[in-house]
Structures are given as structure tokens and as C-alpha cells.
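Down below is the structure, laid out as C-alpha cells.
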Amino acid sequence: MKQKNTILVIDDEAVMREILETLLVRENHEVRLASSGEQGLELARALPFDAAIVDVMMPGRSGIETLEELKKIDEDLPVVMVTAFASIESAISAMRLGAFHYITKPFKNDEVLSVLRHALDRRRLVVENRSLKQSLQSQKND
């Protein structure tokens, strides 16, 4: 059985959190929910996550600001941004700050799962690559 991935979902709308939680749990992911950027960042500082799904438009700390902080906590964390108010500007700034992908609401469940699968694969490759480099480095130094 494959290992469960832990996904952080940050969205100020309870309905969106429930939809994403149901969808992700059905795919055998472990899910942690946050209703604000601040709450999401507290979770990210306390626990390791394999990926995050963050709403762009939230009261208080915006999704873009949250993305920026998440990247400071874990620079390799794949963060998928979701928004009902898609604008080219916000998509570009999210991607510049290191967002893995940008999805507009209402989204298709398959689209979210497919993007998340790619994000998790990339994360796994980055981690494997880093550990291979470290083991090669330590062999060279022996």
C-alpha cells in the first residue's frame, strides 16, 4: 500500500474546504484544513506537508501572501492556487512566487486530482534527487 500524502487545504469558504477534503480523502490522502492564511501557516510550521491547495482570495492574509510564506517554510512544497476570480495578473504573480499550478473555480475534480498527482510526483523527484546528491557527495568525501 502506498504511503499517504498529507495535503494542506487553505480556503476561507467552508464548502470549498469540505469539497476538497472529501475529494482528497477519497484518494487516500491525509488532509488538514485551515480557514485562513494565518491558520494554514501555523499548521505548516508545525507539521510537514506533501502539498498545499490555497485559495487566492481570502480576507486578511491573501493566498498570494500565504504562498510566499509557505515557500519560506518549505521551498520545495508544491502549492496549487485556486480562485473564483481568475486574473492574468494574479496567475502570473502566483507562478513567479513559485506556485505549482493555478486552477479556477468551479473546477473539475479530475483536474484538481491530476494537478495534485503531478505536484506530488515532482516533490518526490526533488526529494529523491536531493538525497541522491547528498549520498554521492558523502561518498566522494569518504
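Which loop-located trypsin sites (Lys or Arg not before Pro) does the range 84-133 contain, where loop means any DSSP state but H, G, I, E or B and the Cβ has at most 15 other Cβ atoms within 10 Å?
Values: sites: Arg96, Lys108, Arg117, Arg122, Arg123, Arg124, Arg130, Lys133; in loops: Lys108.
Filter output for the range 84-133: Lys108.
Charging the Cβ of each Asp and Glu at -1 and of each Lys and Arg at +1, and nothing else, the dipole of the chain about its Cα centre rounds to 540 debye.
Relative to the longest principal axis of the Cα atoms of the chain, the long axis of helix 37-46 lies at roughly 20 degrees. What is the distance in Å between the Cα centroid of the range 68-85 and that of the range 110-142? A separation of 18 Å, based on Cα centres. A Gaussian network model of the chain, with springs between Cα atoms under 10 Å, assigns the largest mean-square fluctuation among Thr66, Thr83, Thr104 to Thr104.
Here is the list for the range 66-142: GluC sites (Glu not before Pro) lying in DSSP coil, each with at most 12 other C-beta atoms within 10 angstrom of its C-beta, are Glu75. Computing Rg and the Kirkwood Rh from the Cα coordinates of the range 16-139 gives a ratio, Rg/Rh, of 0.99. Given the options Ala86, Ala51, Ala99, state which has the largest fluctuation in a GNM of the chain using a 10 Å cut-off (strictly under) for Cα springs. Between Ala86, Ala51, Ala99, it is Ala86 that shows the largest mean-square fluctuation. In the full protein context, the range 32-86 carries 44 Å² of accessible surface per residue, based on a 1.4 Å probe and ignoring ligands, DNA and RNA. Here the relative contact order of the range 20-105, from alpha carbon pairs under 8 Å that lie six or more residues apart, stands at 24 percent. Please determine, in degrees from 0 to 90 and to the nearest 10, the orientation of helix 63-73 with respect to the longest principal axis defined by the Cα atoms of the chain, where the helix direction is its Cα long axis. Roughly 20 degrees, rounded to the nearest 10.
To the nearest 20 debye, what is the magnitude of the charge dipole of the range 1-76 about its Cα centre, counting +1 on the Cβ of each Lys and Arg and -1 on the Cβ of each Asp and Glu? Please list the in-between numbers first.
Details: 9 positive and 17 negative charges, 56 e Å.
About 260 debye.
If I compute solvent accessible area with a 1.4 Å probe over the protein chains, what percent of it on the chain is carbon and sulfur?
Working: 4360 of 8350 Å².
The value for the chain is 52 percent carbon and sulfur by accessible area.
Against the main long axis of the alpha-carbon atoms of the chain, helix 14-26 sits at an angle near 40°. Taking Leu47, Leu23, Leu33 in turn, the Gaussian network model of the chain (Cα-Cα springs below 10 Å) assigns the largest fluctuation to Leu47.
The values are calculated or read from the model by the stated rules, or taken from the named source; none is laboratory data. Note that the structure is predicted; figures quoted are calculated from it, not measured. Reconstructed Cβ throughout: ideal geometry from the backbone, glycine too, with neighbour counts over all protein chains shown. Only protein heavy atoms, including side chains, enter the accessible area calculation; ligands, DNA and RNA are left aside. Shrake-Rupley method; radii C 1.70, N 1.55, O 1.52, S 1.80 Å.
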